[in-house]
Amino acid sequence: MKTIKVSVVTPDGPVYESDVEMVSTKAKSGELGILPGHIPMVAPLAIGTVRLKKEGSTEYVAVTGGFLEVRPDKVTVLAQAAERGEDIDVTRAEAAKERAERRLQAKEADIDMQRAELALQRAINRLKVTGRI
Ligand code: ATP
């Protein structure tokens, strides 16, 4: 099976590095599936999950957006924050989800709705990666 190198990198350092058969991710323009030999490209990412298919199983990394760079033999995901499922603190993500939901419901003038909406999306994405929702 042909493989492609993948790195998920954040300002705090690398989060994931491996050779995989396929990378799937959520670009701002929609879902992208990348196989070895893909044409070079750069795409902005949405808050979402990077799925890495390898030897019959799939690994998941939550990313908060960023950029995807594809070269024929290498995919790099540059994200502000990224976590593998086992590194996600579920209690923290649940608390972040509840906090964001409260802020969105309150609709008070001094609440930045877009910021709360993005915090909610990050929390939901983390909970999805851990299989909690
Ligand atoms: P919170 O409100 O809980 O801080 P957040 O969505 O605002 O969540 P980010 O700004 O996206 O957090 O991330 C800040 C740092 O904390 C990053 O290094 C990120 O990987 C880490 N992080 C955030 N939430 C979690 C979590 N539930 N489990 C593990 N690491 C997390």
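Nothing in this text is a laboratory measurement; each read-out follows from the coordinates by a stated rule. Because the structure is predicted, anything quoted here is derived from the model rather than measured. Please note: Cβ atoms are built from the backbone with ideal geometry, for glycine as well, and neighbour counts cover all protein chains shown.
Karplus couplings for region 120-127 from phi (6.51 cos²θ - 1.76 cosθ + 1.60, θ = phi - 60°), rounded to Hz, Gly and Pro as x?
Those phi angles translate into 5, 4, 5, 5, 4, 4, 5, 5 Hz.
Net charge near A96, counting Lys/Arg +1 and Asp/Glu -1 over other residues with Cβ under 14 Å of its Cβ?
Numbers: positive: R92, K97, R99, R102, R103, R115, R122, R126, K128, R132; negative: E83, D89, E94, E98, E101, E117.
The answer is +4.
If you add up the charges near T49, with Lys and Arg at +1 and Asp and Glu at -1, over every other residue whose beta carbon is less than 12 angstrom from its beta carbon, what do you get?
Around T49, the surrounding residues sum to +3.
Between A81 and residues 5 or more places away or on another chain, which pairs have amide H atoms under 5 Å apart, with H built 1.01 Å from N, and which residues are they?
HN-HN under 5 Å from A81: T64.
Could you go through region 17-24 in sequence order and give the Karplus-derived ³J(HN,Hα) for each residue, using 6.51 cos²θ - 1.76 cosθ + 1.60 with θ = phi - 60°, rounded to whole Hz, and x for Gly and Pro?
Karplus values, whole Hz, x for Gly and Pro: 8, 6, 9, 10, 8, 7, 10, 10.
Return the long-range amide H neighbours of M22 (sequence gap of 5 or more, or a different chain), with a cut-off of under 5 Å between placed amide H atoms.
Counting only residues 5 or more places away or on other chains, the set is K53.
For region 68-80, take each phi angle, set θ = phi - 60°, evaluate the Karplus expression 6.51 cos²θ - 1.76 cosθ + 1.60, and give the result in whole Hz per residue in order, putting x for glycine and proline.
Once θ is set to phi - 60°, the couplings for region 68-80 become 10, 10, 10, 10, x, 10, 7, 10, 10, 10, 9, 10, 5 Hz.
Please compute the contact order of the chain in relative form: average sequence separation of alpha-carbon pairs under 8 Å and at least six residues apart, divided by the residue count, as a percent.
For the chain, the relative contact order is 22 percent.
Using only the alpha-carbon atoms, what does the chain span along each of its principal axes? Please give whole angstrom values in decreasing order.
For the chain, the Cα extents along the three principal axes come out at 52, 27, 25 Å.
Based on alpha-carbon centroids, what's the gap between region 99-133 and region 29-46 in Å, whole number please?
Comparing the Cα centres of region 99-133 and region 29-46, I get a distance of 27 Å.
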